[in-house]
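A.B. asks: Can you keep this structure in mind? I'll have questions shortly.
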Amino acid sequence: MPYHLFKCSECIPERGKHAVIKGPGETLADALPLGYLNTIPGSISERGCAYCGAKHVIGTPMKDVIHMSHGPVGCTYDTWQTKRYLSDNDNFQLKYTYATDMKEKHIIFGAEKMLKQNIIEAFEAFPAIKRMTIYQTCASALIGDDINAVANKVMKEMPDVDIFVCNSPGFGGPSQSGGHHKINIAWINQKVGTVEPETTSEYMINYVGEYNIQGDQEVMQDYFKRMGIQVLSTFTGNGSYDDLRAMHRAHLNVLECARSAEYICNELRVRYGIPRLDIDGFGFEPLSSSLKKVAMFFGIEERAQAIIDEETARWKPELEWYKARLAGKKVCLWPGGSKLWHWANCIHEEMGVDVVSVYTKFGHQGDMEKGISRCEEGALAIDDPNELEGMEAMEMLEPDIIFTGKRPGEVAKKVRVPYLNAHAYHNGPWKGFEGWVRFARDVYNGIYSPIHKLSLLDISKDEIPVDRGFETQRMLSDVHLSEEIKNSTELREYTGGYDLLKGLKERVYPEFPPKANVALPAV
Amino acid sequence: MKETSKERVEQLVDVIMKKCLWQFHSRTWDREKQNENIILKTTQILCDEPVVKETPEEKCYWVDAVWLANAYKEKFPWVTEIDKEDLKQIMRELKERLDFLLITGSLNAELTDPLY
């Protein structure tokens, strides 16, 4: 597994240890990219800061909360109505964004008074909301404002409110991952154990590292509810502040994104004895295995199996329709952190695509271990790439599509490589059985959009064919397919609706009598 | 052609690396516990021996072990055909190989971090 130095980075030789090509017969012990290190000066990174990782990734998906940044208003850029972590309370946390709007005078004279005023004003403006999170920024950290003291003062004056303080300034780590860590630890230290939950089931889990991107959490919660399992809290997508204070009462932590949330699972295990089960919510086979494992922990495997059978029968023919048309297409899997390992193997096996490269913007070496293990030989693995390396990789690998964020994604589009938004999705949710088919449909639409061919024609000089119509997606995707597949009556395109969450909201869940014989895991 | 013991171990390693997540916990002490407990329980299941699963922690190891044992039986017919003592030997070698790839031979610099 040789290390790979990009030509464009020959002037930054330290980058040579940040990329490897997975060679035949080589193992993780032969080469592993460096990771979770400060970006090398001269390398224009695509990372976020530690404040962003704490607030915009983990804190703000909590739904019933005023999320306040204590800093310049610019720190809240890219939050107001731009994120896609939905909630079932009319997206309160997406509709409003709050900052104390620090200016130069506050840097000189301090901003604690102004912070207190802001907190009170915000609670008065939204009297139905009694919970708040406050996020330190670089500016308020450098002047030493004591946010905890101000929050405690307000809580004394307003006994019906509760405030969580996250001290994770932008400079508090090499990337957003530093902020993930800080908010995990801050939450368990300040809030877990301060509320006793209402229990509705004998089986209770925390669903951790799940951010309800376009409804992922609601899809997974639906499966758990169909099994009679109570999701005591979700950390943090569509999660409620007070539910998350009661995490200490769960029987099992079901962990999805270990990159952003393994810390709180580890602490819950050490402090409260709640075990950690890592799962994959993406892909038919990994999801089926995950549901079975959770059910097995509680001794209710048959409930999981019933869901798997029903969902597989409904959606597998549609996944296969796309797989037949995506086989052999080259994919660069370039997400932020966990999706490189959640997807690397199952998009290859279940959609037929070849993963020619994986990268992570803020992942640690552990994420690379997982990602490299799960992709096939020949794949190029890159840690914290800069834009020029991304361009060079695209020239070298000639991918058919890229799954990445919107910044590198727009760059890819300029060189006519289609991209899907791996963080926020295109037409999600992508978790769950139906969600996985929606992902396959987005991949198909991305690769076979006729626009890529049309855009190669320059109307100022090229001859524009007028004797035939435009090519459709089906004409492009089916050209090399066998007649058997083309005319199959079993395989079909996606037949779900525009909004799959609507159906979930209307579902009536079964009631299960308590299993008297089953010894519940004691907490 | 019959595979060698080493080839069989690599087959078993490949399933874990491609399909499982439990082996990638972030610290050395975690990985040691995960490898020890899950491979032990998988071996017991494959050899029809009793498995202890009284505490939540043991139960959690057990569910990953059940999944792994089923996957091995489904993918590799030799797992159910060979002598149990030979299987135990292969599982011991599997554990050694995992410990090397993920702990003693690992290039992951975070494994030795004293804190989470």
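A.B. asks: Do any residues in segment A:351-371 that are in contact (Cβ under 8 Å) with a residue 40 or more places away in the chain have Cβ atoms under 6 Å from those of residues that are assigned to a strand (DSSP E or B) and surrounded by fewer than 24 Cβ atoms within 10 Å (Cβ to Cβ), where the two are at least six apart or on different chains, and which pairs are they?
C.D. replies: Every condition considered, the pairs that remain are A:VAL356/A:LYS330; A:SER357/A:LEU380.
A.B. asks: Restrict the check to segment B:46-55 and report whether at least one residue is closer than 21 Å to A:GLU369 by Cα and within 14 Å of chain A (Cβ to nearest Cβ).
C.D. replies: Within segment B:46-55, none of the residues are closer than 21 Å to A:GLU369 by Cα and within 14 Å of chain A (Cβ to nearest Cβ).
To keep it simple, each residue is scored yes or no on (1) closer than 19 Å to B:GLY105 by Cβ; (2) among the basic types (Lys, Arg); (3) open to solvent by 10 Å² or more (accessible area, probe 1.4 Å).
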| site | (1), (2), (3) |
| --- | --- |
| A:ALA344 | no, no, no |
| A:ILE347 | no, no, no |
| A:GLU350 | no, no, yes |
| A:ASP354 | no, no, yes |
| A:TYR359 | no, no, no |
| A:GLU369 | yes, no, no |
| A:GLY378 | no, no, yes |
| A:ALA381 | yes, no, no |
| A:PRO385 | no, no, no |
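A.B. asks: While we're looking at this one, here's another question. Criterion first (touching a strand residue (DSSP E or B) at 6+ places or on another chain (Cβ under 6 Å) and either open to solvent by 30 Å² or more (accessible area, probe 1.4 Å) or in a loop (DSSP other than H, G, I, E, B) (or both)) does A:SER69 satisfy it?
C.D. replies: no
A.B. asks: Pairs only if they're at least six apart or on different chains, beta carbon under 8 angstrom, first in segment B:16-42 and within 8 Å of chain A (Cβ to nearest Cβ) and free of Cβ contacts under 8 Å to residues at least 60 places away in the same chain, second outside any helix (DSSP H, G or I) and surrounded by 21 or more Cβ atoms within 10 Å (Cβ to Cβ); list them, first residue then second.
C.D. replies: Going by the 8 Å Cβ cut-off, the qualifying pairs are B:LYS18/A:ASN345; B:LYS19/A:ASN345; B:LEU21/A:ASP278; B:LEU21/A:ILE279; B:LEU21/A:ASP280; B:TRP22/A:ASP278.
A.B. asks: Identify the single condition in (1) farther than 18 Å from A:LEU252 by Cα; (2) crowded, with 20+ Cβ neighbours inside 10 Å; (3) among the aliphatic types (A, V, I, L, M) that B:VAL79 does not satisfy, given that it satisfies every other one.
C.D. replies: (2)
A.B. asks: I'd like to check something: does segment A:434-448 contain any residue that is open to solvent by 40 Å² or more (accessible area, probe 1.4 Å), touching an Asp or Glu at 6+ places or on another chain (Cβ under 6 Å) and not in a loop (DSSP other than H, G, I, E, B)?
C.D. replies: no
A.B. asks: May I ask you to say which residue of B:THR4, B:THR55 is in contact with a Gly (Cβ under 9 Å, 6 or more places away or on another chain) and either without any contact (Cβ under 8 Å) to a residue 12 or more places away in the chain or closer than 28 Å to A:PHE284 by Cβ (or both)?
C.D. replies: Matching residue, one of B:THR4, B:THR55: B:THR55.
A.B. asks: For segment A:304-319, state whether one or more residues are open to solvent by less than 10 Å² (accessible area, probe 1.4 Å), within 14 Å of another protein chain (Cβ to nearest Cβ) and not in a helix (DSSP H, G or I).
C.D. replies: no
A.B. asks: Kindly provide the set of residues from segment A:300-340 that are more than 29 Å from A:ASP367 (Cβ to Cβ) and of a type in the set (Gly, Ala, Ser), ordered by number.
C.D. replies: Of everything in segment A:300-340, those that are more than 29 Å from A:ASP367 (Cβ to Cβ) and of a type in the set (Gly, Ala, Ser) turn out to be A:ALA306, A:ALA313, A:ALA324.
Residue by residue, here is whether (1) of a type in the set (Asp, Glu); (2) surrounded by fewer than 19 Cβ atoms within 10 Å (Cβ to Cβ); (3) not in a helix (DSSP H, G or I) holds:
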| site | (1), (2), (3) |
| --- | --- |
| B:ARG8 | no, no, no |
| B:VAL15 | no, yes, no |
| B:TRP29 | no, yes, no |
| B:GLU36 | yes, yes, no |
| B:LYS41 | no, no, no |
| B:VAL52 | no, yes, yes |
| B:GLU58 | yes, yes, no |
| B:ASP64 | yes, no, no |
| B:TYR72 | no, no, no |
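A.B. asks: Within the bounds of segment B:81-88, is there any residue that is touching a residue at least 60 places away in the same chain (Cβ under 8 Å), of a type outside the set (Asp, Glu) and more than 10 Å from chain A (Cβ to nearest Cβ)?
C.D. replies: No, that holds for no residue.
A.B. asks: Regarding A:TRP343, is this residue within 14 Å of another protein chain (Cβ to nearest Cβ), in contact with a Phe, Trp or Tyr (Cβ under 7 Å, 6 or more places away or on another chain) and not aliphatic (A, V, I, L, M)?
C.D. replies: So A:TRP343 fits the description; yes.
A.B. asks: So A:GLU26 ticks every box in (1) open to solvent by 40 Å² or more (accessible area, probe 1.4 Å); (2) away from every other protein chain (no Cβ under 14 Å); (3) not basic (Lys, Arg) but one. Which box is left unticked?
C.D. replies: For A:GLU26, the failing item is (2).
A.B. asks: Do you know which residues across segment A:266-319 are basic (Lys, Arg) and within 15 Å of A:VAL219 (Cβ to Cβ)?
C.D. replies: Within segment A:266-319, A:ARG314 is the sole residue that qualifies.
A.B. asks: Could you run through segment B:97-116 and say how many residues are modelled with pLDDT of 95 or more and loosely packed, with under 14 Cβ neighbours inside 10 Å?
C.D. replies: 2
A.B. asks: Six or more apart or on different chains, Cβ under 7 Å: which pairs go from a residue in segment A:69-91 that's more than 15 Å from A:ILE58 (Cα to Cα) to one that's among the hydrophobic types (A, V, I, L, M, F, W, C) and modelled with pLDDT under 95? Could you list them?
C.D. replies: Here the result reads A:GLN81/A:LEU94, each pair linking segment A:69-91 to a residue that is among the hydrophobic types (A, V, I, L, M, F, W, C) and modelled with pLDDT under 95.
A.B. asks: Tell me, yes or no, whether segment A:174-192 has at least one residue that is open to solvent by less than 50 Å² (accessible area, probe 1.4 Å), part of a loop (DSSP other than H, G, I, E, B) and free of Cβ contacts under 8 Å to residues at least 40 places away in the same chain.
C.D. replies: Checked against the condition, which is being open to solvent by less than 50 Å² (accessible area, probe 1.4 Å), part of a loop (DSSP other than H, G, I, E, B) and free of Cβ contacts under 8 Å to residues at least 40 places away in the same chain, segment A:174-192 yields no hits at all.
A.B. asks: Does segment A:84-102 contain any residue that is closer than 30 Å to A:ALA393 by Cα and either crowded, with 21+ Cβ neighbours inside 10 Å or not charged (D, E, K, R) (or both)?
C.D. replies: Within segment A:84-102 (the criterion being closer than 30 Å to A:ALA393 by Cα and either crowded, with 21+ Cβ neighbours inside 10 Å or not charged (D, E, K, R) (or both)), the answer is no, since none of the residues qualifies.
A.B. asks: Within the set of pairs 6+ apart or on separate chains, which have a first residue in segment A:301-314 that is free of Cβ contacts under 8 Å to residues at least 24 places away in the same chain, a second that is surrounded by 13 or more Cβ atoms within 10 Å (Cβ to Cβ), and C-beta atoms under 6 Å apart?
C.D. replies: A:GLU301/A:ALA295; A:ILE308/A:SER288
The values are calculated or read from the model by the stated rules, or taken from the named source; none is laboratory data. This is a predicted model, so every value here is computed, not measured. Cβ: placed from backbone, ideal geometry, glycine included. Neighbour counts: every protein chain shown. Heads up: the accessible areas ignore ligands, DNA and RNA and are worked out on the full protein's heavy atoms, side chains in. Shrake-Rupley method; radii C 1.70, N 1.55, O 1.52, S 1.80 Å.
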